[in-house]
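Q: Questions regarding the structure given below will be posed in turn.
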Amino acid sequence: MPLIDPLIGIIGLVTLTIAASYGVLALVAVLVWRAQKAPKDASRRPPVTILKPLCGAEPGLYQNLRSFCQQDYPEFQIVFGVSDPADPALSVVERLVAEFPSLPIDVVINPQQHGSNRKVSSLINMLPAARHDILAMADSDAFVGPDYLATVTAPLQNPTIGLVTCIYHGVPTRHLWSRLGAMYINEWYVPSVLLSWLFGHERYVSGQTVCIRRDSLEAIGGLQVIANHLADDYQLGERVRGLGLRIVLSPYVPEAEHHEPNFDLLARHEIRWMSTIRVLRPRSFRFIFLTFSLPLAILGITLSAAGPKFPAAASLFCITVVARLGLHFAHRLRGDRPVLADCWLLPARDLLICWVWCRSFFNSRITWRGSEFDLDADGVMHRVLANAQT
């Protein structure tokens, strides 16, 4: 026993060191990102087509889509796409067409499915209506300012750059579960992405915004090659990299509304996202718990109580807590919501992400837009038929 207690204390100290190191580095990455200056606007602005696949009249849809109609850009077209002629999103589009009569807006209604990924299928159906060779694909829940289009498309003027993408800021609706969902994005997912960016990683692609030239898209075989993949954005980026072209993370940060009315929907979404990471990074995924700084620090301080170096452990624990609070407040300082509104949710949020991570190890079935899919080892989705569930 005399050797066991110091050993447990050392393990606790190592655990705390990892937790504190990650927390501090993640906070530094976020602060460096926020401190960078946006590049000067390019003088040449080629015409752009914005592709917007829609499915349902989600909260805030009108305001989100309207923000794309108000771009400070000389020539652009918007193509909206739905698979169902009775989709309630069409009434929102009709309102925008009437409000912006001089803006080229096209609507594609096509139920044809080209694969199990419905979003990609809709984009494939929309592409023939695109008039321009610079394509900006953006999710329906994104809200942007008038400088968005100029900022995110400017890097494509460099022929060595094949794709431009963005991180995004989650804005919750009033529901408690929506607030927890936005914290997942803003305080764990985005800081993890920015930490990789800080160390030169250039493989991140988010479906919130994907800008690409038409010739690059055709060179990889079009969107058809990713029509069955869950992580369609990642797969698109890998194929663009295969052409020898770079991926650029734009300094522009769109807002994305998070609407999670209950725990079940929140859990399904986060398990789906975590399962995506597991498929993309099967080896490193088992070590993702090292990024859960606060739960890791709590484990470390508990183990360190048995060792002789508890003061050092307490210092590392305090550093971890301060860094975690820094990640919580960093994205709120310029927001409209009260800075302290969700501080009390921090323990629940961090414990929940541990549960989601553990749960995803035993999950190969995801729910997306009301349908269930089995996910294979390559990230390909296979539709679960109704009679197969019984």
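The values are calculated or read from the model by the stated rules, or taken from the named source; none is laboratory data. Since we're looking at a predicted model, the values are computed, not measured. Cβ: placed from backbone, ideal geometry, glycine included. Neighbour counts: every protein chain shown. Accessible surface areas use protein heavy atoms only, side chains included; no ligands, DNA or RNA. Shrake-Rupley method; radii C 1.70, N 1.55, O 1.52, S 1.80 Å.
Q: I'd like the FRET efficiency for GLN224 and ASP133, computed as 1/(1 + (r/R0)^6) with the beta carbon distance as r and R0 of 22 Å, rounded to 0.05.
A: Details: r = 19 Å, r/R0 = 0.85.
Efficiency, from the Cβ-Cβ distance: 0.70.
Q: For the range 132-217, what class follows from the C-alpha gyration tensor (a ≥ b ≥ c being the square roots of its eigenvalues): rounded when a/c is under 1.5, otherwise prolate if a/b is larger than b/c, else oblate?
A: In terms of gyration-tensor shape, oblate.
Q: ASP376 to ARG95: extension gain in nm, 0.36 nm per residue of separation minus the Cα-Cα distance? Could you put the intermediate results ahead of the total?
A: Numbers: separation 281, 0.36 × 281 = 101.16 nm, distance 4.12 nm.
Gain in length upon complete extension: 97.0 nm.
Q: Hey, what's the chain come to in accessible area per residue, 1.4 Å probe, Å²? Let's see the in-between values first.
A: Numbers: 18070 Å² over 390 residues.
Result: 46 Å² per residue.
Q: A further question on this structure: Convert each backbone phi in the range 105-114 into a coupling constant with the Karplus relation 6.51 cos²θ - 1.76 cosθ + 1.60 (shift: θ = phi - 60°), then list the ³J(HN,Hα) values in order as whole Hz, x for Gly and Pro.
A: Computed from phi, the couplings for the range 105-114 are 10, 10, 10, 10, 10, 8, x, 5, 9, 9 Hz.
Q: Which ³J(HN,Hα) values, rounded to whole Hz and listed in residue order, are derived for the range 145-162 from phi using the Karplus coefficients 6.51, -1.76 and 1.60 in 6.51 cos²θ - 1.76 cosθ + 1.60 with θ = phi - 60°, glycine and proline given as x?
A: Working through the residues one at a time gives x, x, 8, 4, 5, 5, 6, 7, 9, 4, x, 5, 6, 7, x, 7, 9, x Hz.
Q: Could I ask something else about it? Round to the nearest 0.05 the FRET efficiency obtained for PHE289 and ALA312 when R0 = 25 Å and r is the Cβ-Cβ distance.
A: 0.65
Q: Within the accessible area of the chain, what % is carbon and sulfur when the probe is 1.4 Å and the other protein chains stay in place? Could the numbers behind the result be given before it?
A: Numbers: 10990 of 18070 Å².
Carbon plus sulfur share of accessible area: 61 percent.
Q: Can you tell me which of 313-321, 296-304 comes out highest on packing, and rank the rest after it, using the mean Cβ neighbours within 10 Å?
A: Sorting 313-321, 296-304 by mean packing, highest first, produces 296-304, 313-321.
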